[in-house]
Structures are given as structure tokens and as C-alpha cells.
1. Condition first: under 17 Å from residue 75 (Cβ atoms) and without any contact (Cβ under 8 Å) to a residue 12 or more places away in the chain. Now tell me which residues in the stretch 18-33 satisfy that.
2. Given the conditions (1) modelled with pLDDT of 85 or more; (2) part of a helix (DSSP H, G or I), which single one is not true for residue 124?
3. Would you mind telling me which numbered condition in (1) in the same structural domain as residue 266 (by TED's automatic domain parsing); (2) in contact (Cβ under 8 Å) with a residue 60 or more places away in the chain residue 224 fails?
4. Any chance the stretch 204-221 includes a residue that's in a helix (DSSP H, G or I) and at pLDDT below 80?
5. Is it fair to say residue 111 is surrounded by 15 or more Cβ atoms within 10 Å (Cβ to Cβ), in a helix (DSSP H, G or I) and either modelled with pLDDT under 85 or assigned by TED's automatic domain parsing to the domain that holds residue 45 (or both)?
6. Tell me whether the stretch 41-58 contains one or more residues that are assigned by TED's automatic domain parsing to the domain that holds residue 170, outside any loop (DSSP other than H, G, I, E, B), surrounded by fewer than 20 Cβ atoms within 10 Å (Cβ to Cβ) and under 22 Å from the mean Cα position of the chain (by Cα).
7. Could you say which residue among 79, 90, 105 is farther than 20 Å from residue 202 by Cβ, at pLDDT 85 or above, assigned by TED's automatic domain parsing to the domain that holds residue 190 and buried (at least 22 other Cβ atoms within 10 Å of the Cβ)?
């Protein structure tokens, strides 16, 4: 018992030191931060995957304190972003949760961390990062229009450019919440893709995703999409209002989910037919320009048991 306690403390000190070194490189050496940022969750995830939640939380608090001592106030936001992320990965492994649970939970935790730090930045420093980014983008495109005018662009070309830029910026402002959510989910996916194989090499039993071909979203997603679509079509939503922003972002997120459901059905059908894997790759690439059709396939797949029909037809053919 004493040996186990000693090993637990030793491992905690070692992993806290590794985390602090990685964090110091991320803060002080920008050229290395592109690489080290992807491994910051590793020591936190490793420790919390081996030990229960109480020692893991104490270890995380110690790692955050060391981060402040070594990296100063600028290291704290990074630590507050990656420590909960690493804990979610580790706890999912320790308590034997699925990889999907780990992915969704890590994405939600990271998204909450980003939102809280965004609000804290506005409250403490009066800096709205998103507004600053949009303003900078507008300035860049405005300068582009001015250069076009100086280089002899016609009035019609300048008007078309300004109209295109205006529509693009409006779309970007409207879809910014969705873009942030998708970006967080993508970043979490990349982190898991990099760190889970390393944890496996260190002797941690990491979970696996079920085959993509077997993915089936809850039917409630279909009902949510139909409700949002009907309200958007039947209501005169004014651009720029909170209701308009909410419905536009909800529509985009739900369409993305149904698009993935459609691709999953393609993979399911290819698997049932026993076709080679390169066919699935080609079909996935072709699904991008055929997004509208793929969304319809996803809707049909959720609304009707067409996978059951495909299985029955395949079994009948095999006989």
C-alpha cells in the first residue's frame, strides 16, 4: 500500500514536470508551440487514466500551480484549457467509457473553457477577440477594394467585389458560433488522433471508435432539423437578430450531422457489398460536391430502416 502511494506521488511529480516543460515551450518558444501544444494533454491524460479522480484533481491543481510559477499569468489560460481536456480523456479511460463519450465530453469541456476565457477576456480587459478579428478582416477586404480601384478596375468590377465581400462577411458573422464549435470539435479530434496511440504505447488500454459504417444518430436529430427548417421557412426572421442567428447556426449544425449520416450510409452499403476500401474513399470525396443529395440520404437513413432492407436484400442475394 505504501509502495503504491509512493509510486502515485512519484508519477504525479514526473507528469507535472513534463506538463510544465511542455507548457513553458508553448509559451516562451513560439516556433515549438505548434508541436508542443498537441502534447500538452498527454501527461494529464496519462495520470488520470491510471488513478482515481481525487489524486488526479490534486495532481492537476499542482500542475496548474507549477505552470503559473514557471510561465506566469500568460500560462494560466493555456493550463486551464488543456488540463480539463486531459482530465476528460483520462477519466474516460479510467472509468471505461466509450471513445465517442470521450470525444463528445472532451469537445464540450474544451468548448466551455474557450467560452469562459472569451468572456473573461471581455470582462477583464475589454477585448472582444471575435469582433477584433471581424474588424481586421473587413479592413483587409476594404484595402483590397481600394487597390483594385487604384489599379484601374471598372466601376462594375468594384461594385461586384464589394457586394461579394459584404455577403461573405455577413455569412461569416452569422455562422461564427457554428464555425467555432466545428473548429473545437476538429481540434479535439486531432488531439485524440495524436495522443491516444501514444497512451496505448505507454500501456494504457484506450477505447476505439465503432466502425464509421455503423454510425446511427438519434432520430431526434431528424425531428430537430424538420422543426428548425419549418420555422425558418414559415417565419420572417430578420437578419442580425438573435433568433435569426440561432436558427441559422442550428440549421448548419444539423445539416452537418445529417451529411455525416449520409456518408455513413454510403460506407455501410459499400461494406455490405464487399467492395474495396478505395471505393469508400472515392464516394466520400464525391459526397462533398453532392452535399445536398447526401443530406437527403442521411434524412432517409434516419427516418426509414433502409439499412435493414439492404441487409435483407444482401442476405437474400447470398442465398
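The values are calculated or read from the model by the stated rules, or taken from the named source; none is laboratory data. Here the structure is a predicted model, which means the values were calculated and not measured. With ideal geometry, Cβ positions are generated from the backbone for all residues, glycine too; neighbour counts draw on all protein chains shown.
1. Passing the criteria: 21, 25, 29, 30, 32, 33.
2. Of (1) modelled with pLDDT of 85 or more; (2) part of a helix (DSSP H, G or I), only one is false for residue 124: (1).
3. Every listed condition holds for residue 224 apart from (2).
4. Among the residues of the stretch 204-221, at least one is in a helix (DSSP H, G or I) and at pLDDT below 80, which makes the answer yes.
5. The answer is yes for residue 111.
6. Scanning the stretch 41-58 turns up no residue that is assigned by TED's automatic domain parsing to the domain that holds residue 170, outside any loop (DSSP other than H, G, I, E, B), surrounded by fewer than 20 Cβ atoms within 10 Å (Cβ to Cβ) and under 22 Å from the mean Cα position of the chain (by Cα).
7. Result: 79 is the single residue among 79, 90, 105 that is farther than 20 Å from residue 202 by Cβ, at pLDDT 85 or above, assigned by TED's automatic domain parsing to the domain that holds residue 190 and buried (at least 22 other Cβ atoms within 10 Å of the Cβ).
Conditions (1) surrounded by fewer than 13 Cβ atoms within 10 Å (Cβ to Cβ); (2) within 29 Å of the chain's Cα centre (by Cα); (3) in a helix (DSSP H, G or I), marked per residue:
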site: 255; (1), (2), (3): no, yes, yes
site: 259; (1), (2), (3): no, yes, yes
site: 263; (1), (2), (3): no, yes, yes
site: 271; (1), (2), (3): no, yes, yes
site: 286; (1), (2), (3): yes, yes, yes
site: 289; (1), (2), (3): yes, yes, no
site: 292; (1), (2), (3): yes, yes, yes
site: 308; (1), (2), (3): yes, no, yes
site: 311; (1), (2), (3): no, no, yes
